[in-house]
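Asker: Got a structure here, written out as structure tokens. Questions coming.
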Amino acid sequence: RRRNAAVFDEGLEGVITPTCVGDVRHVYHQYTVRSQNRKSLVDRLERAGVESGIYYENPVHRLPSFCQDDVLVETERAAASVVSLPVHPKLLGTDLERIIEAVNG
């Protein structure tokens, strides 16, 4: 997963990629990016035969367990822009290239 994430880190353009600070290492259970136009990105991925996921569509403060009416602009912006790309270890180099091409459009 880290190898595949490193390929994405180097090749993806026009999206905000995951980052780590200091000595922290990401496990990349998911490779979640932010896009200013998520629908367009998801459509390009779909046309390229790439499955993607939107796992964090609802801002956490809007979930029933929190039930807060706070206005958290950045949280809501992030929730509206995230999409997760496949990063599992069975991806081939050609798969990674296809994903990168679809993201970069």
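Rule-based calculations on the coordinates, nothing more; no lab input. None of these values were measured; they are calculated from a predicted model. Here Cβ is always computed from backbone atoms with ideal geometry, including for glycine, and neighbour counts include all displayed protein chains.
Asker: Measure nothing but the geometry: give the 0 to 90° angle between the long axis through the Cα atoms of 93-104 and the longest principal axis through the Cα atoms of the chain, rounded to 10°.
Answerer: So the helix axis and the longest Cα principal axis differ by about 50 degrees.
Asker: What is the spin-label model distance, in nm, from Val73 to Glu46 if the labels are put 7 Å beyond Cα along the C-beta direction?
Answerer: Simple spin-label model gives 3.1 nm for this pair.
Asker: Under 8 Å for C-alpha pairs, at least 6 residues apart: give me the relative contact order for the chain, rounded to a whole percent. Show your work: numbers first, answer last.
Answerer: On the way: 130 pairs, mean separation 41.5, N = 105.
Once divided by the residue count of the chain, the mean separation gives 40 percent.
Asker: Right, another one. So which trypsin sites (Lys or Arg not before Pro) in the chain pass both tests, a DSSP loop state and at most 13 other Cβ atoms within 10 Å of the Cβ?
Answerer: Numbers: sites: Arg1, Arg2, Arg3, Arg25, Arg34, Arg38, Lys39, Arg44, Arg47, Arg62, Arg77, Lys90, Arg98; in loops: Arg1, Arg25, Lys90.
Those satisfying the criteria are Arg25, Lys90.
Asker: To the nearest whole percent, what portion of all C-alpha pairs in the chain is separated by more than 25 angstrom?
Answerer: Working: 1346 of 5460 pairs.
The proportion of pairs with Cα distances above 25 Å equals 25 percent.
Asker: Once the dipole of the range 62-105 is set up with Lys and Arg at +1 and Asp and Glu at -1 on Cβ about the Cα centre, which of Gly105, Phe66, Val87 lies farthest towards its positive end?
Answerer: Going by the charge dipole, the pick is Val87.
Asker: What is the dipole size for the range 2-104, taken about its Cα centre, with +1 at each Lys and Arg Cβ and -1 at each Asp and Glu Cβ, in debye to the nearest 20?
Answerer: Working: 12 positive and 15 negative charges, 42 e Å.
Roughly 200 debye, rounded to the nearest 20.
Asker: Please give the Cα centre distance for the range 49-105 versus the range 1-22, rounded to the nearest Å.
Answerer: Taking the Cα centre of the range 1-22 as reference, the centre of the range 49-105 is 14 Å away.
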